[in-house]
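These notes concern the structure reproduced below.
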């Protein structure tokens, strides 16, 4: 269920809490191929199902950066700041890819608010701990500390 923060004060009060667990989404071979086209990363472990079947993962796997690029989608599912005029990805402090994401896998994210601070003139910077889980996996597919800024909502 999506968490709606009614003010930046509510965001600040939620520091230290798990805020959401998102719905599952499937990562398809078509998405992996499109990501390869967009980035120029055509390594066979991503784009050659026949060769990848004989490789270390037994199937093609999503690019780590494809998994990471799903964070905005997961965040959109997870929370909203009422009245915010704009939100921006500000950066990442830490990112790891502990386990592969085979094509056809289903992923979801757990988001915890690690920190939040007011920024001038009318914003808040949030530090999110995000763990992307693969259905049936024993380790996260991606763990990241993501910085998001929101502007224009009530303090």
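Please treat every number below as a calculation from the coordinates, not as lab data. Computed from a prediction, not measured in an experiment: that's the story for all the values here. Here the Cβ is made from the backbone with ideal geometry for all residues, glycine too, and neighbour counts use every protein chain on show.
Multiply the residue gap between residue 85 and residue 18 by 0.36 nm, knock off their C-alpha separation, and tell me the result in nm, one decimal place. The partial results should precede the final answer.
Values: separation 67, 0.36 × 67 = 24.12 nm, distance 2.43 nm.
Full-extension gain reported as 21.7 nm.
Counting C-alpha atoms alone, how compact is the stretch 1-73: give Rg to one decimal and Dmax as a whole number, in angstrom.
Here Rg and the maximum Cα pair distance are 17.7, 53 Å.
Per residue and in Å³, how big is the convex hull formed by the alpha-carbon atoms of the stretch 52-103?
Details: hull volume 4.8 nm³, N = 52.
Per-residue hull volume (Cα only) is 93 Å³.
Taking 0.36 nm per residue of separation and subtracting the Cα-Cα distance, what length does fully extending residue 51 through residue 115 add? Write down the numbers at each step before the final one.
Numbers: separation 64, 0.36 × 64 = 23.04 nm, distance 4.38 nm.
Difference between extended and current length: 18.7 nm.
Could you order the peptides 14-23, 122-131 from most to least packed, using the average number of other C-beta atoms within 10 Å per residue? Please report the intermediate quantities before stating the final value.
Working: 14-23: 15.8, 122-131: 20.4.
Ranking, from highest mean packing down: 122-131, 14-23.
Which parts of the stretch 45-77 would a label at residue 38 reach, counting a residue when its backbone N lies under 12 Å from a point 7 Å out along Cα-to-Cβ?
The answer is 63, 65-73.
Residue 1 to residue 92: extension gain in nm, 0.36 nm per residue of separation minus the Cα-Cα distance? Display every interim value, and only then the final one.
Numbers: separation 91, 0.36 × 91 = 32.76 nm, distance 2.47 nm.
Gain in length upon complete extension: 30.3 nm.
Taking the Cβ of each residue in 70, 12 as the centre, tally the other Cβ atoms inside 10 Å and list the residues starting with the fewest. Don't skip to the end; give the middle numbers.
Details: 70 22, 12 17.
By the 10 Å Cβ count, ascending: 12, 70.
Per residue of the chain, what 222 nm ellipticity follows from adding -39500 (n - 2.57) for every DSSP H run with n ≥ 4, rounded to the nearest 500?
Computed mean residue ellipticity for the chain: -6500 deg cm²/dmol.
Which entry in [x] 11, 44, 38, 7, 0; [y] 11, 37, 29, 17, 6, 1; [z] 11, 36, 32, 15, 5, 0 matches P(r) over Cα pairs in 10 Å bins from 0, in percent derived from the coordinates of this structure?
Derived directly from the coordinates: [y].
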